[in-house]
Amino acid sequence: MDIHAQQLIDKLASKHFLEVEEYRLLLESLEPELADYASTKARAARQPIYGTQVYTRGLIEISSYCKNNCYYCGLRRDNGSCQRYRLSPEEILACADEGYELGFRTFVLQGGEDPYFSDEVLVPLVTQLHTNHPDCAITLSLGERNRESYEALRDAGAERYLLRQEAASPELYGQIHPQEMQLENRLRCLSGLKELGYAVGCGFMVGAPHQTSAHLAADLKFIEEFHPAMCGIGPFVPHHATAYANEPQGSVVLTCFCLSLLRLIQPNLLLPATTSLGTIDPKGREKGMLAGANVVMPNLSPAEVRAKYELYDNKICTGEEAAECRSSLQQRMAEIGYEVVIDRGDPKGGVC
Ligand code: SAH
Ligand code: SF4
């Protein structure tokens, strides 16, 4: 193993930061022994905080309509072959009720940027969800909205917001998004959400088209400095109806290495082993967990809409009922020595 790279892992484990060039060097030094070394350190960093507990979030995919045109995503507005649907507030509340019975204590309402879900629709929905399940955390992942909207949704009971920065490098952000989308706006949303008191999640894809190790290093540095409560990362997976249909998917090994580095950057970070990781490798979520993740996000959407929420091709769990989805993950986690718990899954140990 490259001794310098090993020393950088040790430095990250003790100091929780590196220079951006050092992150790049680490990413470029990746080989199996270094990945093992980093994942052992990452598990050791997670152990005193989260032990072998795995937090779950029940994902409710509320709409496949999107007004944006991110080049990588199957829900982009110009994809005429995407089957569009939106759930009614009643359907969303019913998904949460079912999820509650199954043991979920966090619900994530995620969707494309669908103008139908205005504050007039969302505020009463979030209020009702909060009233029905006051012991649960409500997470929103509905893209860029204005500050007043974030404020109204917070006041209605939403506590967490997931909005990946996607690429902290303006160069890469500009390459994978149309001109009308600006990194500056995304970063403004992220800091606004933090100021409003949300537990904020950011994140990025690993292996996105045009992405270099320098771009990835910029994302790691961004997370280190932004100090989110959560960070969602997963491999890029091509979607057949986008311009990136023939681009290679991201790598499992590199995604897991990034998970380990993120765990070392911020030991109490809430870090999901994502569905996209499970999509490109049948053992992807287990590998993610062993690399330092501590969260999984089983699907709670009604079975008939799952396949229509096609961010990328071959998404797993589209044919399962919510109960099957949770219990199969529970079993998978048990097989590697981890325990899915019934818990809101707040970050432990304050913001470190
Ligand atoms: N519209 C919201 C939430 C839905 S998209 C938003 O954009 O924030 C949720 C995440 O899916 C995005 O942040 C993106 O990183 C990821 N995603 C989209 N297309 C993908 C693809 N082809 N491969 C992997 N992840 C993808
Ligand atoms: Fe819409 Fe989100 Fe897909 Fe972009 S990533 S097109 S905002 S659903």
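Measuring nothing but how far apart in sequence close Cα pairs (under 8 Å, 6+ apart) lie, relative to its length, the chain scores a relative contact order of 24 percent.
Only protein heavy atoms count here; on that basis, with a 1.4 Å probe, residue 336 has an accessible area of about 50 Å². Checking a compactness column here: for region 268-352, what do you get for Rg(Cα) / (2.2 N^0.38 Å), N being the number of residues? Computed over Cα atoms of region 268-352, the ratio equals 1.13.
In summary, the lysines within cross-link reach of residue 283, defined as a Cα separation below 19 angstrom excluding same-chain residues under 8 places away, comprise 315. Over 21 Å apart at the Cα level, from the set 287/308; 41/287; 15/194; 11/194, are 287/308; 15/194; 11/194. Residue 88 contributes about 40 Å² of solvent-accessible surface, heavy atoms of the protein only, 1.4 Å probe. Which percent, nearest 5, of DSSP beta bridges in the chain are antiparallel? Rounded to the nearest five, the antiparallel share is 5 percent. Report note on the peptides 152-161, 51-60: ranked by the mean count of other C-beta atoms within 10 Å, highest first, their order is 51-60, 152-161.
Pull out a ≥ b ≥ c, the square roots of the eigenvalues of the alpha-carbon gyration tensor of region 1-117, then state rounded if a/c is under 1.5, prolate if not and a/b is larger than b/c, and oblate in the remaining case. In terms of gyration-tensor shape, oblate. Share of pairwise Cα-Cα distances greater than 20 Å in region 223-330 is 44 percent (whole percent).
Cα extents for the chain along the principal axes, largest to smallest and rounded to whole angstrom: 57, 43, 38.
Output the Kirkwood hydrodynamic radius of region 82-169, Cα pairs only, in Å rounded to one decimal. The Cα-based Kirkwood calculation yields 13.7 Å.
Considering only 209, 235, 170, give the residue with the highest GNM mean-square fluctuation for the chain, with springs between Cα atoms whenever their separation is below 10 Å. Ranking 209, 235, 170 by mean-square fluctuation puts 170 first.
The values are calculated or read from the model by the stated rules, or taken from the named source; none is laboratory data. It should be emphasised that the depicted structure is a prediction, and the values quoted were computed from it without experimental measurement. Glycine gets a Cβ as well: all are built from the backbone with ideal geometry, and neighbour counts include every protein chain shown. When the accessible area is computed, the model is the full protein with side chains, heavy atoms only, and any ligands, DNA or RNA have been set aside. Shrake-Rupley method; radii C 1.70, N 1.55, O 1.52, S 1.80 Å.
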